[in-house]
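> Just passing along the structure, written as C-alpha cells.
The values are calculated or read from the model by the stated rules, or taken from the named source; none is laboratory data. It should be emphasised that the depicted structure is a prediction, and the values quoted were computed from it without experimental measurement. Glycine also receives a Cβ, built like all others from the backbone with ideal geometry; neighbour counts cover every protein chain displayed.
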C-alpha cells in the first residue's frame, strides 16, 4: 500500500513539474520556447492519461480474461489521440518558427500594432473617466 502511495505521489510531482515547466515556456515570447513548452505539456498529458488508465492488465478481448482483469482501452486511445494532436501542433509551430526566422531573422513574437492602439485607447478612456469622476466629486463638495 505504501509503494502505491509513493508512486502516485511521485507521479503527481512529476506531472506538476512537467505542466509547470511547459506552461512557463508557453508564456515566453520565443517561438522555439513555445514549441518546447507545447511538447512538454503534451508529454505531461500523455503521462496523466496513462496514469488514469490504472495498473496494467489483460487485453480487453472477450473470452480471453475475466472482466476485472482487463485494462480499460479508453485512456490508451486518448493518449494516442493526444500524441497525434501534439505532433500536429509541433509541426505547425515549427513551420511558424521557420517562417519567422526566414522573414524576420528571429523567432520572437512581437506585440500587434492594433493591440497597442487599443491599449492606449483604453488608458485614455480610463484617465478621462477618472477626471470626470474627480470633477463630479468637486462639484458635489462645493454645493
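> Has the range 64-81 got any residue that is touching a residue at least 40 places away in the same chain (Cβ under 8 Å), assigned to a helix (DSSP H, G or I) and in the same structural domain as residue 43 (by TED's automatic domain parsing)?
No, there is no match, as no residue in the range 64-81 is touching a residue at least 40 places away in the same chain (Cβ under 8 Å), assigned to a helix (DSSP H, G or I) and in the same structural domain as residue 43 (by TED's automatic domain parsing).
> Answer yes or no: is there a residue in the range 71-90 that is out of contact with any strand residue (DSSP E or B) (no Cβ under 8 Å at 6 or more places or on another chain) and within 13 Å of residue 31 (Cβ to Cβ).
Yes; the residues of the range 71-90 include at least one that is out of contact with any strand residue (DSSP E or B) (no Cβ under 8 Å at 6 or more places or on another chain) and within 13 Å of residue 31 (Cβ to Cβ).
> Kindly indicate whether any position in the range 52-63 is within 21 Å of residue 36 (Cβ to Cβ) and either at pLDDT 85 or above or part of a loop (DSSP other than H, G, I, E, B) (or both). Write out each step before concluding.
Going residue by residue through the range 52-63, those that are within 21 Å of residue 36 (Cβ to Cβ) are none.
No - not one qualifying residue is present in the range 52-63.
> OK, next. Regarding residue 15, is this residue within 16 Å of the chain's Cα centre (by Cα) and either at pLDDT below 90 or loosely packed, with under 15 Cβ neighbours inside 10 Å (or both)? Steps first, please.
Values: within 16 Å of the chain's Cα centre (by Cα): yes; either at pLDDT below 90 or loosely packed, with under 15 Cβ neighbours inside 10 Å (or both): no.
So residue 15 does not fit the description; no.
> Can you pull out every residue in the range 94-114 that is in a helix (DSSP H, G or I) and loosely packed, with under 10 Cβ neighbours inside 10 Å? Full working, then the answer.
Looking only at the range 94-114, we keep the residues that are in a helix (DSSP H, G or I), and these are 94-104, 113-114.
Selection gives 102, 103, 113, 114.
> Ok, one more. Please indicate, with yes or no, whether at least one residue in the range 28-40 is assigned by TED's automatic domain parsing to the domain that holds residue 97, in a loop (DSSP other than H, G, I, E, B) and farther than 23 Å from residue 107 by Cβ.
No, the range 28-40 has no match at all.
> Right, here's the next one. Which of the numbered conditions does residue 31 fail, given that it passes all the others? Conditions: (1) over 28 Å from residue 9 (Cα atoms); (2) surrounded by fewer than 16 Cβ atoms within 10 Å (Cβ to Cβ).
So the condition that residue 31 fails would be (2).
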